[in-house]
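The values are calculated or read from the model by the stated rules, or taken from the named source; none is laboratory data. Quick caveat, the model's predicted, so the values are computed rather than measured. For neighbour counting, all protein chains shown are included, and Cβ atoms are generated from backbone atoms with ideal geometry for every residue, glycine included. Just the protein is used for accessible areas: all its heavy atoms, side chains included, with ligands, DNA and RNA removed. Shrake-Rupley method; radii C 1.70, N 1.55, O 1.52, S 1.80 Å.
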Amino acid sequence: NKIIEVRSLSKTFDNKKALKEISLEIAHSGITALLGPSGSGKSTLLRHLSGLVFSDHREGTEVRVMGELVQSHGKAAPQVRRCRARAGYIFQQFNLVNRLSVLTNVLIGALSSTAKWRTLTGCFTQEQRQQAMAALERVGMAAFADQRVSTLSGGQQQRVAIARSLMQQASIIFADEPIASLDPESARTVMELLKDINEREGIPVVVTLHQVDYALKYCQQLVALREGEVFYQGAAADITEQA
Ligand code: ADP
Ligand code: ADP
């Protein structure tokens, strides 16, 4: 029961190799940090895991998440839609719909891939509304349910985004620089919340971070990238003060 399995993954943009034959296994169901300087390939790797981006065409390339094949040799696996539906996404810029209420943004997590966006205008079930309120309570944002997202701070918006993945019943959460736009206090709140959800709901989290200190504090597993290659993988607890 591996969380993530990546075999021989390369990605070339124009002539630039963003990922160079990366192979990787994550067996730990805690929080895994993808670390590395800007441009090292963290986001590109995360997008491959979530099936939002496909790799170069090469024999032997595979990406599996929670045991399911997401893509192989640059093509979507038949399961890719299901994999996407089961993954919650948290982004640096929150990706909420600003003009809609907090509650509606969380309800969006309940839309299945077969739902039509039209349904947004009317009819979520009463049960779905209750679930969305429960998700907002879980992240401490229930009092803001009726406000527009545009009135919230960045940290509050990120908590709403986390509630949306709970609503979606995500089996894994991918977070791409979730705290990069936040002040230190909001950043801590968001990381604490991810940690709490990971521990209590048992949802594995893979998060890109460029701050090593947050990774050491909140993540159990580290994967460090440099220029498109994995140069370190291991337990955060194995990192000591000496280099
Ligand atoms: P990180 O997340 O570590 O900052 P990225 O994965 O965003 O790194 O980017 C890795 C490299 O790939 C960078 O050189 C970046 O400019 C390049 N890159 C990423 N996405 C694209 C894209 N859509 N088109 C062209 N180049 C890209
Ligand atoms: P991040 O590192 O958080 O992904 P970036 O600023 O590197 O943020 O990238 C933002 C967007 O621009 C992404 O969709 C990425 O794929 C794209 N991108 C990044 N680098 C390039 C590039 N050199 N050319 C084209 N698109 C790029």
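Cβ-Cβ distances below 7 Å connect the following pairs, each with a first residue in segment 1-28 that is closer than 17 Å to Glu227 by Cβ, a second residue that is charged (D, E, K, R) and within 12 Å of ligand 2 (Cβ to nearest atom), and a separation of six or more residues or different chains: Ala18/Lys11; Leu19/Lys11. Take the conditions (1) within 14 Å of ligand 1 (Cβ to nearest atom); (2) open to solvent by 20 Å² or more (accessible area, probe 1.4 Å); (3) in contact (Cβ under 8 Å) with a residue 60 or more places away in the chain; Arg86 misses just one of them, which is (1). Within segment 62-71, can one find any residue that is within 16 Å of ligand 2 (Cβ to nearest atom) and in contact (Cβ under 8 Å) with a residue 40 or more places away in the chain? No, segment 62-71 has no match at all. Determine whether Ser101 is of a type in the set (Ser, Thr, Tyr), closer than 27 Å to Phe13 by Cα and modelled with pLDDT of 90 or more. No, not satisfied. Among the residues of segment 220-243, those that are more than 16 Å from ligand 1 (Cβ to nearest atom) and not charged (D, E, K, R) comprise Gln220, Gln221, Gly234, Ala235, Ala236, Ala237, Ile239, Thr240, Gln242, Ala243.
For segment 37-59, a residue qualifies if it is more than 12 Å from ligand 2 (Cβ to nearest atom) and assigned to a loop (DSSP other than H, G, I, E, B), and the qualifying residues are Ser50, Gly51, Phe54, Ser55, Asp56, His57, Arg58, Glu59. The condition (being surrounded by fewer than 22 Cβ atoms within 10 Å (Cβ to Cβ), of a type in the set (Ser, Thr, Tyr) and at pLDDT 95 or above) is satisfied by just one residue among Ser55, Ser43: Ser43.
State whether the residues of segment 205-216 include one that is in a helix (DSSP H, G or I), touching a helix residue (DSSP H, G or I) at 6+ places or on another chain (Cβ under 9 Å) and farther than 28 Å from Glu68 by Cα. Yes - at least one qualifying residue is present in segment 205-216. Taking Leu34 as the residue in question, decide whether it is in contact with a helix residue (DSSP H, G or I) (Cβ under 7 Å, 6 or more places away or on another chain) and either more than 8 Å from ligand 1 (Cβ to nearest atom) or assigned to a strand (DSSP E or B) (or both). Yes.
Among the conditions (1) open to solvent by 40 Å² or more (accessible area, probe 1.4 Å); (2) closer than 28 Å to Lys20 by Cβ; (3) modelled with pLDDT of 95 or more, Ala224 misses just one, which is (1).
Within segment 1-31, which residues are assigned to a loop (DSSP other than H, G, I, E, B) and among the polar types (S, T, N, Q)?
Hits for segment 1-31 are Asn1, Asn15, Ser29.
In segment 155-187, the residue that is nearest to Lys217 (Cα to Cα) out of those that are among the acidic types (Asp, Glu) and either within 16 Å of ligand 2 (Cβ to nearest atom) or buried (at least 22 other Cβ atoms within 10 Å of the Cβ) (or both) is Glu177. Residues in segment 204-213 that are in contact with a strand residue (DSSP E or B) (Cβ under 8 Å, 6 or more places away or on another chain) and within 16 Å of ligand 1 (Cβ to nearest atom): Val206, Val207, Thr208, Leu209, His210, Val212.
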